[in-house]
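Notes follow the structure.
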Amino acid sequence: MRTQHLEPRARPTQKRAGQTVDLILTTAAKLLEENGFEELTTNKICTAAGITPPALYRYFPNKYALLCELATRLMAAQNADLAQTAVRKGGKRPTVADMEEQLAAQVRITRDFPGGVAIMRTLYATPQLIDIRLSSHWSMVEGLKSSQTWLAARMSEPELIRRLRLAVELGNSAIEMVLEDPDLDEASIIHDVAEMIVAYLTKT
């Protein structure tokens, strides 16, 4: 559960308000990517966005709430793609090719999301935001559990949940690795991790 200081103060109900919130978030993501979380301040965001502090504070009480919203949107995009892929595969036995496709899509979504890599990096390094990451990972597990009928038919629900949670953690570690170190052979890492995950999920 999020603490109060991470919750937006208000949700935009009109188009103009929505545009202001989008401007705040886009600006915050850009500054986060350029300067890092420690250098990010609400004053700098206001100056770069051309808005007044009261306009920002109307929606976000602090920079943690801003990052929380950015991370929530990024992870919602990641989870939505994962859920669509899982449904499309129809609950068949997981394959290495399918797992590679899913991991590559998660990398692509993170790269394409404004400030995505910086958001991910900050999320892992900021204790106040750990619940956001954990909540997203459990959401992934729930989505996979409902679609993985091939796996569900071969093991108890607690075992399925444990295997899926470990698979999610391993996959996210590999995604973080290739995003943080572009000199690595991305395709090989994704392939190797896909093999590990599939072998683990399907072992008897």
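Pick out which of 62, 35, 172 has the largest mean-square fluctuation in a Gaussian network model of the chain, springs linking Cα atoms closer than 10 Å.
Per the Cα network of the chain with a 10 Å cutoff, 35 tops the list.
Taking a 1.4 Å probe, which of 110, 202 shows the most accessible area, and what order do the others take after it?
Per-residue accessible area, sorted high to low, gives 202, 110.
Determine Rg/Rh for the stretch 106-204; Rg is computed over alpha-carbon atoms and Rh is the Kirkwood hydrodynamic estimate from the same atoms.
Over the Cα atoms of the stretch 106-204, Rg/Rh equals 1.00.
Ratio of alpha-carbon Rg to the 2.2 N^0.38 Å globular estimate for the stretch 55-169, to two decimals, please.
1.19
Quick one: angle between helix 116-125 and the longest Cα principal axis of the chain, in degrees between 0 and 90, rounded to 10, please.
90 degrees
Please state the relative contact order of the chain as a whole percent: Cα pairs under 8 Å, 6+ residues apart?
It comes to 24 percent, rounded to a whole number.
GNM on the chain, C-alpha springs below 10 Å: top fluctuator among 94, 53, 127?
Its mean-square fluctuation being the largest, the pick is 127.
Compare 162, 16, 154 in a GNM of the chain, Cα atoms joined below 10 Å, and give the one with the largest fluctuation.
The residue with the greatest mean-square fluctuation here is 16.
State, in angstrom, two size descriptors of the chain derived from its alpha carbons: Rg to one decimal place and Dmax to the nearest whole number.
Every Cα atom of the chain included, Rg and Dmax give 18.7, 60 Å.
In degrees, nearest 10, range 0 to 90: what is the angle between the Cα axis of helix 63-89 and the longest Cα principal axis of the chain?
Here the helix axis deviates by roughly 30 degrees.
Quick one: give the max-minus-min coordinate of the C-alpha atoms of the stretch 11-103 along each principal axis, largest first, in Å.
Taking max minus min along each principal axis of the Cα atoms, the stretch 11-103 gives 54, 31, 17 Å.
Å³ per residue of the Cα convex hull, for the stretch 51-111?
100 Å³
What accessible area per residue comes out for the chain, rounded to a whole number of Å², with a 1.4 Å probe?
53 Å²
In degrees, nearest 10, range 0 to 90: what is the angle between the Cα axis of helix 96-112 and the longest Cα principal axis of the chain?
10 degrees
Where Rh denotes the Kirkwood radius from the mean inverse Cα pair distance, what is Rg over Rh for the stretch 147-204?
For the stretch 147-204, the value is 1.07.
Counting only protein heavy atoms and a 1.4 Å probe, tell me what percentage of the chain's accessible area is made up of carbon and sulfur.
Answer for the chain is 55 percent, counting heavy atoms of protein chains only.
The values are calculated or read from the model by the stated rules, or taken from the named source; none is laboratory data. Keep in mind that what you see is a predicted model, and the values were worked out from it rather than measured. Ligands, DNA and RNA are stripped out before the accessible areas are found, and what is left, the full protein with its side chains, is counted by its heavy atoms. Shrake-Rupley method; radii C 1.70, N 1.55, O 1.52, S 1.80 Å.
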